[in-house]
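Comments concern the structure below.
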Amino acid sequence: QKEVEQDPGPLSVPEGAIVSLNCTYSNSAFQYFMWYRQYSRKGPELLMYTYSSGNKEDGRFTAQVDKSSKYISLFIRDSQPSDSATYLCAMRGNQFYFGTGTSLTVIP
Amino acid sequence: GAVVSQHPSRVICKSGTSVKIECRSLDFQATTMFWYRQFPKKSLMLMATSNEGSKATYEQGVEKDKFLINHASLTLSTLTVTSAHPEDSSFYICSARELIDLTSGETQYFGPGTRLLVL
């Protein structure tokens, strides 16, 4: 079983839709959770980081961690074409583990 | 957030030559940097962990004599691809680890990546 599982998509939504991106993990020792956005041919950019369980909101983005289910989510409200990118989840125990990324396209 | 730069952004070289890629943390000190390789539509593959002032730790299957890593200062790590071959063509990304705060712990900030094409 992989440490981190993420559906690669691709995911296509119309502009203005609410997007839900998810990852599951197997190691209950993970405490720090991150979401990165990666545009084509660019390095990943840190979007959100969360410690332990709970929600964190930043503008149109909300990160949610459910440690009991070993499940994390990133919600994007009022999605824009500029949100089209690959979204990587990441988490840290003794080392960093990354999901494979979900490719998102927001259609104008 | 913290800024990490990489140079060059793109390089084309002949087979058999060596290529050096630089990774710099611009506004913070990074005792640890990471080097990743990414294939098209694939996730990041950790190659090695670069520690300032000591030898790098390589992941299983990564040839340390082929991918030389030097972390001479708290703001600079270099990756040298020696005797490059076409199969080394890839997107190489570095990252630097920074302490965010006591609650959020550490995270990684990534450079923009270097696209290497070996002819």
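Brief remarks follow.
- Least to most buried among A:CYS89, B:CYS94, B:CYS13 (fewest other Cβ within 10 Å first): B:CYS13, A:CYS89, B:CYS94
- Here B:LYS41 is the anchor, and the aspartates and glutamates within straight C-alpha reach of less than 20 Å, apart from those fewer than 8 places off in the same chain, are A:GLU3, A:GLU5, A:ASP7, A:GLU45, A:ASP83, B:GLU87, B:ASP88.
- Normalised by the number of residues in chain B, the mean separation of alpha-carbon contacts (under 8 Å, six or more apart) gives a relative contact order of 35 percent.
- Measuring nothing but how far apart in sequence close Cα pairs (under 8 Å, 6+ apart) lie, relative to its length, chain A scores a relative contact order of 38 percent.
- Per-residue extension of 0.36 nm, minus the Cα-Cα distance of B:GLU59 and B:LEU74, leaves a gain of 3.2 nm for this segment.
- Rg/Rg_globular for the range B:6-80, with Rg_globular taken as 2.2 N^0.38 Å and Rg from C-alpha atoms: 1.11
- Shape of the range A:36-108, Cα gyration tensor, a/c cut at 1.5: oblate
- Per-residue mean of foreign Cβ neighbours for A:30-36 is 3 (Cβ atoms of other chains, 10 Å radius).
- Eligible lysines near A:LYS56 by straight Cα distance, threshold 20 Å, same-chain separation 8 or greater: A:LYS67, A:LYS70
- Equivalent ellipsoid dimensions for the protein assembly as shown as semi-axes, Å, which come from the Cα gyration tensor, largest first: 30, 21, 16
- Shape call, the range A:12-59: gyration tensor on alpha carbons, a/c limit 1.5: prolate
- For A:MET48, B:MET45, order by how many other beta-carbon atoms lie within 10 Å, fewest first: B:MET45, A:MET48
- Cleavage-rule hits, trypsin sites (Lys or Arg not before Pro), the range B:27-119, DSSP coil, Cβ neighbours within 10 Å at most 15: B:LYS41, B:LYS42, B:LYS55, B:LYS64, B:LYS66
- Computed 3J(HN,Hα) for the range A:14-21, one whole-Hz value per residue from the Karplus formula 6.51 cos²θ - 1.76 cosθ + 1.60 where θ = phi - 60°, is x, 4, x, 6, 8, 9, 10, 10, glycine and proline marked x.
- Peptide B:107-117 has a mean of 4 when you count, residue by residue, the C-beta atoms of other protein chains within 10 Å of its C-beta.
- Within 10 Å of each Cβ in B:33-41, the average number of Cβ atoms from other chains: 2
- By other beta-carbon atoms within 10 Å, ranking B:ILE69, B:ILE93, A:ILE107 with the fewest at the front produces A:ILE107, B:ILE69, B:ILE93.
- Anchor B:LYS55: lysines whose Cα lies under 19 Å away (excluding residues fewer than 8 positions away in-chain): B:LYS20, B:LYS64, B:LYS66
- Multiplying the residue separation of A:SER26 and A:GLN80 by 0.36 nm and subtracting their alpha-carbon distance yields 16.2 nm.
- With the simple model of a label 7 Å out from the Cα in the direction of the Cβ, B:SER83 to A:LYS2 spans 3.4 nm.
No value in this document is a laboratory result; all are computed from the given coordinates. Bear in mind that the values here come from a model prediction, so they are computed numbers and not experimental data. Methodologically, a virtual Cβ is constructed for each residue, glycine included, from the backbone with ideal geometry; neighbour enumeration extends over all protein chains shown.
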